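First the structure, in the form of structure tokens, and then the observations on it.
Each reported figure results from applying straightforward, stated rules to the coordinates on display, with no laboratory input. Computed from a predicted model, the values in this text were never measured in an experiment. Every residue, glycine among them, receives a Cβ derived from its backbone with ideal geometry; neighbour counts consider all protein chains shown.
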């Protein structure tokens, strides 16, 4: 008659529930779960980055801040990656015409290289 309907273990179950709520290890486990989600989101973001996708190709040239004093070119040829920084000064020297650059209506620049035969026919002009 004075027995607990749960078989006398009601006090013990209440004790376990209180210790789990105060356990600091459970908070650490929850933090680790949050960090794993953040890391997964960062990895997905990096994988979808167009620059990272371009770097997986064999040969790539990336120009940043085109036409500004802070312009930089990154050239990847095979496994070799070179970085060129602008000095802000105009270059000079002798050479031959290598192609034509066109500025499009949207502001982008398209470079069209000339074949070696055609450049030789023009005498480098």
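Here are the numbers for the structure shown:
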{"read-out": "Order of 63, 29 under a 10 Å beta carbon neighbour criterion, fewest first", "value": "29, 63"}
{"read-out": "Burial ordering of 114, 82, fewest other beta-carbon atoms within 10 Å first", "value": "82, 114"}
{"read-out": "Full-stretch length increase - residue 96, residue 84 - with 0.36 nm per residue and alpha-carbon distance subtracted", "value": "2.2 nm"}
{"read-out": "Order of 76, 105, 68 - criterion: other Cβ atoms within 10 Å of each residue's Cβ, fewest first", "value": "105, 68, 76"}
